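Below is one structure, written out as structure tokens; comments come after it.
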Amino acid sequence: MKAKLGPANALYPSLTTIVGSVVDGRPNFLAVAHVGIMNHGQPQYLSFGLNKRHWTPRGIREHRQFSVNIPSQDLVEQTDYVGLVSGRNTDKSEVFELFRGELEHAPMIAGCPVCMELRLDRVLDFATHEVFVGEVVNTWAEESVLDSGKIDLARVRPLLFDFSSVHYWGLGEKLAPCWSVGKGLKRG
Ligand SMILES: Cc1cc2nc3c(=O)[nH]c(=O)nc-3n(C[C@H](O)[C@H](O)[C@H](O)COP(=O)(O)O)c2cc1C
């Protein structure tokens, strides 16, 4: 028996990221948990919805460049902080140690094990949010989280965001190989 919950869309865990841009000449960051992967293949894109009131989108629009950083559990306090206060009235430029890659206006966070620099591709308009779609120009990963050149999530220790309980979660156990465990049900 299922309870009807109405139109609720944020009920599954999603990766917590930190998006960075340069607003009025100053790096600014906010926590963003609703990130989507678009167009697997080349080019690669990410998308996320930002409330129109936020400060960070100003920098994304101005420079058409930004970063998406994946914090580990060690950065839970800082991640939450940049998701609590706005660059509109608080300087968040010194919360993290920063580095730059190819794009001058995509400040990345040295303490995050995985960081991406992106170029703005398009913006989709919704009532309260705008969806920003960016092309990934480069991904930077700490060597310590790589296993044979691939990102090992157990080493990244990402923060999962749960809108239902409003808590951060860690990863659980590795369960089964994708595109493989289902093969037993294949017919023909
Ligand atoms: C874990 C977490 C996830 C969040 N995810 C989003 C999101 O996906 N989209 C959004 O617009 N705001 C999101 N927020 C809220 C913004 O991060 C927050 O309002 C921030 O202070 C805005 O900063 P800014 O005005 O400096 O850009 C999230 C906050 C937290 C704590």
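The values are calculated or read from the model by the stated rules, or taken from the named source; none is laboratory data. None of these values were measured; they are calculated from a predicted model. Glycine also receives a Cβ, built like all others from the backbone with ideal geometry; neighbour counts cover every protein chain displayed. Ligands, DNA and RNA are excluded from the accessible area calculation, which covers all protein heavy atoms including side chains. Shrake-Rupley method; radii C 1.70, N 1.55, O 1.52, S 1.80 Å.
Here are a few things to note about the model shown:
- Under 20 Å from the GLU104 label point (7 Å along Cα→beta-carbon), backbone N, segment 137-174: 137-138
- Under a model in which nothing but the beta-carbon of Lys, Arg (+1) and Asp, Glu (-1) is charged, segment 79-158 shows a dipole of about 140 debye around its Cα centre.
- Atom-type composition of the exposed protein surface of segment 14-185 places 52 percent of the accessible area on carbon and sulfur (1.4 angstrom probe).
- Using just its DSSP H runs of length 4 or more, each adding -39500 (n - 2.57), the chain gives a mean residue ellipticity at 222 nm of -2500 deg cm²/dmol after division by all residues.
- Think of each Lys and Arg Cβ as +1 and each Asp and Glu Cβ as -1; about the Cα centre, that makes the dipole of the chain roughly 960 debye.
- Accessible area (Å², 1.4 Å probe, nearest 10) - CYS115: 0
- Between GLY101, GLY182, PHE66, the Cα set farthest toward the positive side of the dipole of segment 61-188 (charges on each charged residue's Cβ, about the Cα centre) is that of GLY182.
- Annotation: per residue accessible area for segment 30-137 equals 51 Å², rounded to a whole number [probe 1.4 Å, protein chains only].
- Solvent exposure, largest accessible area first (probe 1.4 Å, DNA, RNA and ligands not counted), of MET1, MET108: MET1, MET108
- For segment 92-162, the fraction of C-alpha pairs farther apart than 15 angstrom is 66 percent.
- Positive minus negative residues near GLY36 (Lys, Arg vs Asp, Glu; Cβ under 15 Å): -2
- A viscosity of 1.002 mPa s and a temperature of 20 °C, combined with the Kirkwood radius over C-alpha pairs in the Stokes-Einstein formula, give segment 15-70 a diffusion coefficient of 182 µm²/s.
- Over all Cα atoms in the chain, the spread is summed up by Rg and Dmax: 17.6, 62 Å.
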